[in-house]
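Engineer: Just dropping this structure here.
The values are calculated or read from the model by the stated rules, or taken from the named source; none is laboratory data. This is a predicted model, so every value here is computed, not measured. With ideal geometry, Cβ positions are generated from the backbone for all residues, glycine too; neighbour counts draw on all protein chains shown.
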Amino acid sequence: MAGRGLRLPSAPEREQEYGHDALVVCDNLVRIYQTEGIEVQALQGLDLLVHAGEMIAIVGASGSGKSTLLQVLAGVDAPTAGRARVAGHELVDLSRSERVRYRRDVVGFVRQQAARNLVPYLTATQVIDLPMSIAGTPRRVRAERAAQLLEALGVTHCADRRPDQMSGGEQQRVAIGVAMANRPRVLLADEPTGELDSETAQDVFAALRTANRDLGATVVVVTHDSAVSGQVARTVAIRDGRTSSEVLRDSDAHDALVEEYAVMDRTGRVQVPREFREALSLSRRVRLGLADDHVQIRSDRDAGETP
Ligand code: ADP
Ligand code: MG
């Protein structure tokens with residue numbers, strides 16, 4: 001027993017730090033906004049791992065912190081506390097110039113407002129060219145890449161059109177092209193189908209899938225749209241600035257629910273869904289029991305009977 005508390009982890013154990021093999025790691029992420037003396041905790045210790053090649057949906061009520069999370073991952077906003085790492089970049093430590101390069105090369109971003117993703121006086125080809133031009137990509141490579149992206153995203157017919165000559169869905173598909181121009185590792189989309197009818201939303205969703213499967217981006221898409229979240233392999237729910245549950249599906253079987261998980265943070269906290277709490281009147285204090293292969297949670301009401 002001597003020295004038990006002092007045992008140092010062996011090398012392989014040390015490598016097993018939280019999210020060591022994930023492309024996106026959020027570790028106890030906190031973002032507090034201060035406005036006129038009022039403090040809003042937009043993220044309250046959020047944990048999230050996304051592995052390379054995944055496409056996940058993030059769902060949650062309005063105000064639950066979804067956009068804040070995406071802004072942090074995009075390198076636009078800085079967390080108040082906690083860790084965020086994307087493709088090996090620690091987002092808390094980025095210098096100004098590293099941040100500029102991170103936003104240009106490592107992540108792509110698509111906003112809900114289609115018009116804000118594009119430039120009114122630039123054609124689709126020109127606006128996709130822009131980020132590559134800023135990155136110093138040679139002209140001929142840029143032209144080829146722009147044409148390839150327009151084709152992959154099904155908007156070749158928009159090549160010479162400006163935004164006002166495109167539908168909302170076409171604008172969003174071109175916006176995905178802009179976001180993918182510099183071959184980012186991660187594509188972030190904040191309610192990209194929020195302003196579209198359901199049929200057009202399907203086209204935009206298909207374009208996100210193309211970005212994931214054919215263009216090699218790991219995709220994180222925030223959505224209200226259950227038709228969209230129903231089509232990805234993993235849906236993560238955010239509540240009050242924390243990840244609260246995850247649903248895994250068979251990636252190609254629409255709506256084939258495989259399993260629903262609650263997320264346990266590293267201190268062991270789990271959110272019990274409201275339906276469960278209400279069904280058994282669980283509140284404030286519950287009794288926990290350890291069985292061979294599961295943990296029981298019981299109402300505290302008959303606690304007096306325990307010896
Ligand atoms: P969601 O995208 O899930 O609707 P947000 O991330 O936009 O949620 O917002 C989470 C919380 O943070 C909300 O209470 C919102 O009012 C607040 N919030 C977001 N951005 C700011 C800001 N720039 N200043 C102050 N409060 C903000
Ligand atoms: Mg939002």
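Engineer: Give the residue, chosen from 104, 140, 111, that is free of Cβ contacts under 8 Å to residues at least 40 places away in the same chain, out of contact with any Cys (no Cβ under 8 Å at 6 or more places or on another chain) and basic (Lys, Arg).
Structural biologist: The unique qualifying residue is 140.
Engineer: I need the helices (runs of 4 or more DSSP H) fully contained in the range 70-148, keeping only those with at least 1 residues that are touching a strand residue (DSSP E or B) at 6+ places or on another chain (Cβ under 8 Å) and not acidic (Asp, Glu).
Structural biologist: Filter on the range 70-148 gives 114-117.
Engineer: I would also like to ask the following. (1) surrounded by fewer than 20 Cβ atoms within 10 Å (Cβ to Cβ); (2) out of contact with any strand residue (DSSP E or B) (no Cβ under 7 Å at 6 or more places or on another chain); (3) not polar (S, T, N, Q): which one isn't true of residue 185, the others all being true?
Structural biologist: In the conditions (1) surrounded by fewer than 20 Cβ atoms within 10 Å (Cβ to Cβ); (2) out of contact with any strand residue (DSSP E or B) (no Cβ under 7 Å at 6 or more places or on another chain); (3) not polar (S, T, N, Q), residue 185 misses (2) alone.
Engineer: Ok, one more. Answer yes or no: is there a residue in the range 99-111 that is buried (at least 18 other Cβ atoms within 10 Å of the Cβ), farther than 14 Å from residue 25 by Cα and of a type in the set (Ser, Thr, Tyr).
Structural biologist: Yes.
Engineer: Being more than 11 Å from the chain's Cα centre (by Cα), within 21 Å of residue 82 (Cα to Cα) and within 16 Å of ligand 2 (Cβ to nearest atom) narrows it down to one of 40, 30, so name that one.
Structural biologist: Exactly one of 40, 30 is more than 11 Å from the chain's Cα centre (by Cα), within 21 Å of residue 82 (Cα to Cα) and within 16 Å of ligand 2 (Cβ to nearest atom), namely 40.
Let's see how each residue does on (1) at pLDDT below 95; (2) closer than 17 Å to residue 70 by Cα; (3) away from ligand 2 (no atom under 16 Å from the Cβ); (4) not in a loop (DSSP other than H, G, I, E, B):
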residue: 151; (1), (2), (3), (4): no, no, yes, yes
residue: 170; (1), (2), (3), (4): no, no, yes, yes
residue: 175; (1), (2), (3), (4): no, yes, yes, yes
residue: 183; (1), (2), (3), (4): no, no, yes, no
residue: 187; (1), (2), (3), (4): no, yes, yes, yes
residue: 200; (1), (2), (3), (4): yes, no, yes, yes
residue: 207; (1), (2), (3), (4): no, no, yes, yes
residue: 210; (1), (2), (3), (4): no, no, yes, yes
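Engineer: Follow-up. Hey, can you tell me all the residues within the range 222-235 that are within 15 Å of ligand 2 (Cβ to nearest atom) and either over 18 Å from residue 199 (Cα atoms) or out of contact with any Phe, Trp or Tyr (no Cβ under 9 Å at 6 or more places or on another chain) (or both)?
Structural biologist: Selection gives 222, 224, 229.
For every residue, the table says whether it meets (1) at pLDDT 95 or above; (2) in the same structural domain as residue 222 (by TED's automatic domain parsing); (3) within 19 Å of residue 271 (Cα to Cα).
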residue: 44; (1), (2), (3): no, no, yes
residue: 55; (1), (2), (3): yes, yes, no
residue: 59; (1), (2), (3): no, yes, yes
residue: 63; (1), (2), (3): no, yes, yes
residue: 68; (1), (2), (3): yes, yes, no
residue: 80; (1), (2), (3): no, no, no
residue: 87; (1), (2), (3): yes, no, no
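Engineer: Whether any residue in the range 220-231 is surrounded by fewer than 16 Cβ atoms within 10 Å (Cβ to Cβ), polar (S, T, N, Q) and not in a strand (DSSP E or B) is what I want to check.
Structural biologist: Within the range 220-231, one or more residues are surrounded by fewer than 16 Cβ atoms within 10 Å (Cβ to Cβ), polar (S, T, N, Q) and not in a strand (DSSP E or B).
Engineer: Also: Identify the single condition in (1) within 16 Å of ligand 1 (Cβ to nearest atom); (2) in a loop (DSSP other than H, G, I, E, B); (3) over 22 Å from residue 159 (Cβ atoms); (4) of a type outside the set (Lys, Arg) that residue 192 does not satisfy, given that it satisfies every other one.
Structural biologist: (3)
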